[in-house]
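Here is the structure we will look at, set down as structure tokens.
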Amino acid sequence: MPTLAQLESLYRIGYQLTYIMLQPVHMICVDRRTGNVYILAGYDEELEFQILPNGEFVDEPS
């Protein structure tokens, strides 16, 4: 289950992707090993984000 900080970041990123950048979101899931929320977006699925449990996000998978 995502943390409150992750949900707030997810809303913010999802809004920016869909309403400002006009990019589709293909997948959102929680990695059970790390607790990170993973987002796959973009017309060619070229945008990847991970939201850490503290709400910070990284745009390059580690």
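The values are calculated or read from the model by the stated rules, or taken from the named source; none is laboratory data. Model, not experiment: these values are computed from the prediction. Virtual Cβ from ideal backbone geometry, glycine too; neighbours counted across all protein chains shown. The area values use the complete protein model at the heavy-atom level, side chains included, leaving out ligands, DNA and RNA. Shrake-Rupley method; radii C 1.70, N 1.55, O 1.52, S 1.80 Å.
Exactly one condition in (1) open to solvent by less than 40 Å² (accessible area, probe 1.4 Å); (2) at pLDDT below 95; (3) at positive phi is false for GLY55; which is it? Only one criterion in (1) open to solvent by less than 40 Å² (accessible area, probe 1.4 Å); (2) at pLDDT below 95; (3) at positive phi is unmet by GLY55, namely (2). Being among the aromatic types (Phe, Trp, Tyr), under 12 Å from the mean Cα position of the chain (by Cα) and surrounded by fewer than 11 Cβ atoms within 10 Å (Cβ to Cβ) holds for only one residue in TYR43, TYR11, TYR38, and it is TYR11. From the list GLN16, GLN50, GLN23, the one residue that fits, being out of contact with any helix residue (DSSP H, G or I) (no Cβ under 8 Å at 6 or more places or on another chain), among the polar types (S, T, N, Q) and open to solvent by less than 40 Å² (accessible area, probe 1.4 Å), is GLN50. Among residues of the range 11-38 that are assigned to a helix (DSSP H, G or I), those with a beta-carbon under 7 Å from a residue that is surrounded by 13 or more Cβ atoms within 10 Å (Cβ to Cβ) at least six positions away or on a different chain give the pairs ILE13/ILE39; ILE13/PHE49; ILE13/PHE57; GLY14/VAL25; LEU17/GLN23; LEU17/VAL25; LEU17/ALA41; THR18/VAL25.
Count of the range 39-58 residues, restricted to those that are under 18 Å from PRO2 (Cα atoms) and either without any contact (Cβ under 8 Å) to a residue 12 or more places away in the chain or among the polar types (S, T, N, Q) (or both), is 3.
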